[in-house]
Protein chains: 2
Amino acid sequence: RYFHFCKLPGRVMGIRLLRFTSVIIIVLLLVAGALTALLPNIKDDKLPNLRREPKPQSQSALDSFTLIMQTYNRTDLLLKLLNHYQAIPNLHKVIVVWNNIGEKTPEEMWNSLGPHPVPVVFKVQSVNRMRNRLQNFPELETKAILMMDDDTLVSAHDLAFAFSVWQQFPEHIVGFVPRKHISTPSGVYSYGSFELQNPGFGNGDQYSMVLIGAAFFHSGYLEDFQRQPEALHALIDETQNCDDIAMNFLVAKHTGKPSGVFVKPVDIRNLEKDTNSGYSGMWHRAEHLLQRSYCVNKLVNIYDGMPLKYSNIMISQFGFPNYANHKNKM
Amino acid sequence: RYFHFCKLPGRVMGIRLLRFTSVIIIVLLLVAGALTALLPNIKDDKLPNLRREPKPQSQSALDSFTLIMQTYNRTDLLLKLLNHYQAIPNLHKVIVVWNNIGEKTPEEMWNSLGPHPVPVVFKVQSVNRMRNRLQNFPELETKAILMMDDDTLVSAHDLAFAFSVWQQFPEHIVGFVPRKHISTPSGVYSYGSFELQNPGFGNGDQYSMVLIGAAFFHSGYLEDFQRQPEALHALIDETQNCDDIAMNFLVAKHTGKPSGVFVKPVDIRNLEKDTNSGYSGMWHRAEHLLQRSYCVNKLVNIYDGMPLKYSNIMISQFGFPNYANHKNKM
């Protein structure tokens, strides 16, 4: 009995120690489980509403962009531009929206001249529509889109900088071509550029749109665009114009802020005159600008109000191209 | 008895009615008290962490700013600048931090030359300290501060525009003088401007600080500054320098982003040479820049790391002063 008694403490202590450590382990597991359950859900497909919030997803899909270029009747310019744009830093893929109905794409020739820095997808269209470029393409993997007209050359430096700016303003259209609307006493709006009267908010000029023919914007807006009222799509089809004005209305409505952020380009060129096709682009039509004013007023009806907001922020790159460009020549 | 009986119902009903109404009143008072206790406290002294969130407070306190100008031994410049700055749009009040110890302020003369557009308060200091201007002055009513050195003239146009930019970036130091730090292989940091090597993030230059001697920032940062470690205050007192570098460290640490937003000034002038006092400012001391590099490294010790972040965003005003300033001269 004495013998048992002496062993008993050991076994008792052993059992107590075992129980004690088991309890500790269980408590730790419960705490860990609770903490895990309380962690915020970080997967986020929606438009970010905070500035510059890096997400834990594929690095390339976040830090790169997809170039979407719609083309009609200017294949020579397209190919010249593709050679330039295919090598832009942070480019993930190119989607060419082929509006040359019934005509073969240059895909064979493209492949025969490979390899290429990034994949290029030729999306054959069935009808020649201006808004074809605003489809929610399944090939799109990136959050960012760079949309370029097929006659516009922007330098790689400008694009690299503008992309970094978009990353700080992901809910805006960040681009190189600012435009504005003005209202008149009659309540009818007019569309134009700096030649129009200033809207009258203090010094200087204001812009209320950034055109999407040379701009970065969030790919989520393509899905938004598809969901817009039928009247909006009909307007763009009727005019074969104004898809960019419509996108600015959409973005302004969505954010409640100015739709665009204007980045002043160092080197932007229009290559229209360089084409052999003889085709010189929609904006040469006599009615082009009048149509755009018409679109502004129609969109105000569709949106039941004027959502566009003015901004006078002009962004340039510090120390580029001149390393002292922040100083004024006095 | 019959008589009593007949009166009784009246008195009983009277008493019941009295009790009933008393109960109602007490219940209403309790409900009101509960509602008042549940009302959110809308008095908000903290830094806003959303962009541009209008609060239901006094319009003038939100849409205006307080100028804080510290002065030492340049009263002639001070008065010249006060005549200019007192009329800046959206100015709420001026606080002059009087570092001329033992000397009378020009308050009498100021009052004799009234009326003035805004109140000007002369804060007499007991010790001539660089960091006197970073006290959390009780006279401060606005969210925004404009801090100016007493020898710097910035045009009203620049200030009006920069204030509108600050309202879109209220957690940043929005100002006209960009500076940077660079790191070296030895791990020792150096301070400077564009003459220093680029930090090497792509094209062009970067800045990591915006100096507070010509900048807008949130008044909440003054309270933050007072709460910083004693070593930080001692460093500024030891050097009579670097309060602006310290503020950039503070803001960068607080936001996790670049501390400043640089607005390119159209018209900024240094009036030093115009003073009759013969006093030409701290930055002429031989050791001035070396001291600032010294401060950067000391602050890295105090903050246990380098919180400053680089930016290359340069903001200008669209269409001002030239209405076509968004176009390049080609």
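The values are calculated or read from the model by the stated rules, or taken from the named source; none is laboratory data. These figures come from a predicted structure and were not determined experimentally. Ideal geometry is used to build each Cβ from the backbone, glycine not excepted, and the neighbour counts take in all protein chains shown.
For the stretch B:203-230, which positions are among the aromatic types (F, W, Y) and either farther than 18 Å from B:P258 by Cα or in contact with a strand residue (DSSP E or B) (Cβ under 6 Å, 6 or more places away or on another chain) (or both)? Write out each step before concluding.
Taking the stretch B:203-230 first, the residues among the aromatic types (F, W, Y) are B:207, B:216-217, B:221, B:225.
B:Y207, B:F216, B:F217 - these are the residues of the stretch B:203-230 that are among the aromatic types (F, W, Y) and either farther than 18 Å from B:P258 by Cα or in contact with a strand residue (DSSP E or B) (Cβ under 6 Å, 6 or more places away or on another chain) (or both).
Looking at B:F201, B:F161 in this structure, which one is within 12 Å of chain A (Cβ to nearest Cβ) and buried (at least 18 other Cβ atoms within 10 Å of the Cβ)?
Values: B:F201 fails: buried (at least 18 other Cβ atoms within 10 Å of the Cβ).
Sole residue among the options that is within 12 Å of chain A (Cβ to nearest Cβ) and buried (at least 18 other Cβ atoms within 10 Å of the Cβ): B:F161.
Out of the residues in the stretch B:105-122 that are aliphatic (A, V, I, L, M) and outside any strand (DSSP E or B), which is surrounded by the most Cβ atoms within 10 Å (Cβ to Cβ)? Spell out the reasoning first.
Of the residues in the stretch B:105-122, the ones aliphatic (A, V, I, L, M) are B:109, B:113, B:118, B:120-121.
Filter once more, so that each one left must be outside any strand (DSSP E or B): B:109, B:113, B:118.
Working: B:M109: 11, B:L113: 11, B:V118: 15.
Applying the filter and picking the extreme gives B:V118.
When you go through B:S311, B:S277, B:S293 one by one, which is the residue that is under 27 Å from the mean Cα position of the chain (by Cα), under 30 Å from B:L77 (Cα atoms) and of a type outside the set (A, V, I, L, M, F, W, C)?
That would be B:S293, the only listed residue that is under 27 Å from the mean Cα position of the chain (by Cα), under 30 Å from B:L77 (Cα atoms) and of a type outside the set (A, V, I, L, M, F, W, C).
Which of the following residues is within 13 Å of another protein chain (Cβ to nearest Cβ), modelled with pLDDT of 95 or more and touching a helix residue (DSSP H, G or I) at 6+ places or on another chain (Cβ under 9 Å): A:E141, A:E171?
One residue alone meets the criteria, A:E171.
Kindly provide the set of residues from the stretch B:123-168 that are part of a loop (DSSP other than H, G, I, E, B) and hydrophobic (A, V, I, L, M, F, W, C), ordered by number. Give the steps one after another, and end with the answer.
Filtering the stretch B:123-168 for residues part of a loop (DSSP other than H, G, I, E, B) gives B:125-129, B:135-143, B:149-151, B:155.
Within the stretch B:123-168, B:V127, B:F137, B:L140 qualify.
Name every residue in the stretch B:302-324 that is in contact (Cβ under 8 Å) with a residue 12 or more places away in the chain, not in a strand (DSSP E or B) and not hydrophobic (A, V, I, L, M, F, W, C), in order of residue number. Don't jump to the end; show me each part of the working.
Taking the stretch B:302-324 first, the residues in contact (Cβ under 8 Å) with a residue 12 or more places away in the chain are B:302-303, B:306-317, B:320-321.
Right, trim to not in a strand (DSSP E or B) and you get B:302-303, B:306-310, B:312, B:320-321.
Within the stretch B:302-324, B:Y303, B:P307, B:K309, B:Y310, B:N312, B:P321 qualify.
Among residues belonging to the stretch B:285-330 that are on the phi > 0 side of the Ramachandran plot and either surrounded by fewer than 17 Cβ atoms within 10 Å (Cβ to Cβ) or among the aromatic types (F, W, Y) (or both), point out the one that is farthest from the other protein chains (Cβ to nearest Cβ). Walk me through it before giving the result.
Narrowing the stretch B:285-330 to residues on the phi > 0 side of the Ramachandran plot: B:304-305, B:319.
Then drop every residue that is not either surrounded by fewer than 17 Cβ atoms within 10 Å (Cβ to Cβ) or among the aromatic types (F, W, Y) (or both), which leaves B:304-305.
Working: B:D304: 23, B:G305: 19 Å.
Within the stretch B:285-330, the match that is farthest from the other protein chains (Cβ to nearest Cβ) is B:D304.
State all residues of the stretch B:271-284 that are on the phi < 0 side of the Ramachandran plot and exposed (fewer than 13 other Cβ atoms within 10 Å of the Cβ); if no residue qualifies, say none. Even if it seems obvious, please write down each step before you answer.
Going residue by residue through the stretch B:271-284, those that are on the phi < 0 side of the Ramachandran plot are B:271-277, B:279-280, B:282-284.
Across the stretch B:271-284, the qualifying residues are B:K273, B:N276, B:S277, B:H284.
Does A:F262 satisfy the criteria of being farther than 14 Å from A:C295 by Cβ and over 13 Å from the mean Cα position of the chain (by Cα)? Full working, then the answer.
On the way: farther than 14 Å from A:C295 by Cβ: yes; over 13 Å from the mean Cα position of the chain (by Cα): yes.
Yes: the conditions hold for A:F262.
Please state which one of B:K273, B:K298, B:K327 is over 19 Å from B:T152 (Cβ atoms) and free of Cβ contacts under 8 Å to residues at least 12 places away in the same chain.
Numbers: B:K273 fails: over 19 Å from B:T152 (Cβ atoms); B:K298 fails: free of Cβ contacts under 8 Å to residues at least 12 places away in the same chain.
Answer to the selection: B:K327.
Any residue at all in the stretch A:175-193 that's within 12 Å of chain B (Cβ to nearest Cβ), among the aromatic types (F, W, Y) and outside any strand (DSSP E or B)?
yes
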